[in-house]
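Notes follow once the structure below has been shown.
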Amino acid sequence: MTADESAVDVPARAAVGESTALTAARLLDFERSCREQRLPLGARIERIRAELGTSEAHYVMLLNRVIDTTPALEHDPILTHQLIDERRRRNAQARGRRPRMLLVDEPPC
């Protein structure tokens, strides 16, 4: 098992199946390609189902779990930090507050 297949890979395999392991690298690469293509929501949902074989809700859950892992930071640190920042902003907005700013040396929550 490689570093990219740790942490999130085990629950992903259990949920999706052994043949289509959703590793941190695969999820991040998929997310990056969707962002680069600027897919509309409907096309993105179709692509999630076709390429990953899972629902959009399950994909988002796995992606949120993945971005908190070391393999994700090692594979694509810029995208991982962008996703963490977006999640922090969404959560702060839902609570009605401004997101706190992280210092450079402070690890993500």
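Please treat every number below as a calculation from the coordinates, not as lab data. On a predicted model such as this, the values are computed, not experimentally measured, just so you know. In this analysis, Cβ positions are derived from the backbone assuming ideal geometry, glycine residues included, and neighbour counts consider all displayed protein chains.
Brief remarks on what is shown
- Of the residues screened, residue 84 is not one that is touching a Phe, Trp or Tyr at 6+ places or on another chain (Cβ under 7 Å), part of a helix (DSSP H, G or I) and surrounded by 18 or more Cβ atoms within 10 Å (Cβ to Cβ).
- Identity of the residue in segment 49-98, closer than 17 Å to residue 22 by Cα and among the acidic types (Asp, Glu), that ends up farthest from the chain's Cα centre (by Cα): 51
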